[in-house]
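Step one of this worksheet: look at the structure below.
The values are calculated or read from the model by the stated rules, or taken from the named source; none is laboratory data. Since the structure is predicted, the reported quantities are computational estimates derived from the model, not experimental observations. Methodologically, a virtual Cβ is constructed for each residue, glycine included, from the backbone with ideal geometry; neighbour enumeration extends over all protein chains shown.
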Amino acid sequence: MALTLDLNKSQQALVLNLAKAGVSDPPKVDVAFVMDVSGSFDDEHRQGVTNDLLTRLIPWAGLFDPDQKMEVYTFSNGPRNVHHAADVSARNYAGYVQREIIGCPGYQGGTDYSYVLERVLADFGWGPAPAQPRSFFAKLLGASAAAAPAVAPRQTLIFFVTDGESSDEAKTTALLKASQTRGDGVYFHFLGVSNQSAKFPYIERLGDQFGNVGFTAVNQVRSWVQQPDDAINQALISDELVAWLKAGRA
């Protein structure tokens with residue numbers, strides 16, 4: 001059975017939890033949701049578990065995002081398997097994963113974090129556009145892939161949901177280091193999702209290493225998504241995120 005949630009009540013709880021943490025005037029920042037669609041995550045998508053997790057983040061979009069929606073990206077392995085899906089909001093979150101994510105480009109592939117991170121940074125104005133894969137004829141003629149036009153940078157909170165470690169850790173770490181060095185107005189919140197009590201040493205290490213990267217272990221995900229609003233919010237609101245939100249408001 002799909003999770004049912006009073007979104008207005010949940011958003012009010014988020015406002016109160018943020019105020020208790022020191023954010024009494026939440027800034028307007030774009031909210032993005034990045035979803036792993038590798039093969040190992042298939043059961044959770046088909047059983048509605050990841051849709052329930054997505055549902056718990058809808059109040060964040062309602063509060064922070066100027067358009068009250070989240071832009072959604074999916075990824076597996078390689079640049080061709082990064083996909084910008086339909087936006088999600090309070091209007092269409094029910095059945096969203098079944099409708100928009102299952103069977104998307106790259107579904108049931110491997111796991112590379114870097115390519116989708118490159119894409120999201122570029123789309124929100126914080127990084128160069130990633131090189132586009134060229135066709136056989138373009139390669140034959142020596143044509144280079146055109147870079148996407150630059151966009152105005154937007155303060156962005158990115159929820160990054162995965163059930164496994166990345167196959168391209170060195171490239172991912174270098175990309176996040178470059179983002180921090182540039183001072184990008186982005187906060188990456190990695191959610192390591194498991195049906196048991198799995199460990200996610202790499203993304204946990206990223207959370208320790210970078211000031212604009214957070215990590216939350218979502219163990220026993222089926223019960224995790226059923227928790228009260230306060231428990232969900234306390235798991236996601238860290239001192240580091242609070243500092244980033246205050247800086248964005250200044």
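All conditions in (1) at pLDDT 90 or above; (2) farther than 16 Å from GLY214 by Cα; (3) part of a loop (DSSP other than H, G, I, E, B); (4) not β-branched (Val, Ile, Thr) hold for ASP184, with the sole exception of (2). For the stretch 54-69, the candidate set comprises residues that are under 14 Å from VAL15 (Cα atoms) and free of Cβ contacts under 8 Å to residues at least 40 places away in the same chain; within that set, the residue that is farthest from the chain's Cα centre (by Cα) is ASP65.
Checking each residue in the stretch 22-53 for being crowded, with 17+ Cβ neighbours inside 10 Å, part of a helix (DSSP H, G or I) and in contact (Cβ under 8 Å) with a residue 60 or more places away in the chain picks out PHE41, GLU44, VAL49, THR50, ASP52, LEU53. Taking the stretch 204-227 as the range and being without any contact (Cβ under 8 Å) to a residue 60 or more places away in the chain, not aliphatic (A, V, I, L, M) and not in a helix (DSSP H, G or I) as the test, the residues that pass are PHE210, GLY211, ASN212, GLY214, PHE215, THR216, ASN219, GLN220, GLN227.
Note on the stretch 1-46: residues that are within 18 Å of the chain's Cα centre (by Cα) and under 26 Å from GLU240 (Cβ atoms) amount to 9. Every condition in (1) part of a loop (DSSP other than H, G, I, E, B); (2) farther than 28 Å from PRO128 by Cβ; (3) in contact (Cβ under 8 Å) with a residue 24 or more places away in the chain is met by SER197 except one, and the failing one is (3). Taking the conditions exactly as written (buried (at least 17 other Cβ atoms within 10 Å of the Cβ), of a type in the set (A, V, I, L, M), touching an Asp or Glu at 6+ places or on another chain (Cβ under 9 Å) and farther than 22 Å from ILE232 by Cα), does ALA61 satisfy them or not? The answer is no for ALA61. If you go through the stretch 228-240 and keep only what is among the β-branched types (Val, Ile, Thr) and not in a helix (DSSP H, G or I), you end up with just ILE237.
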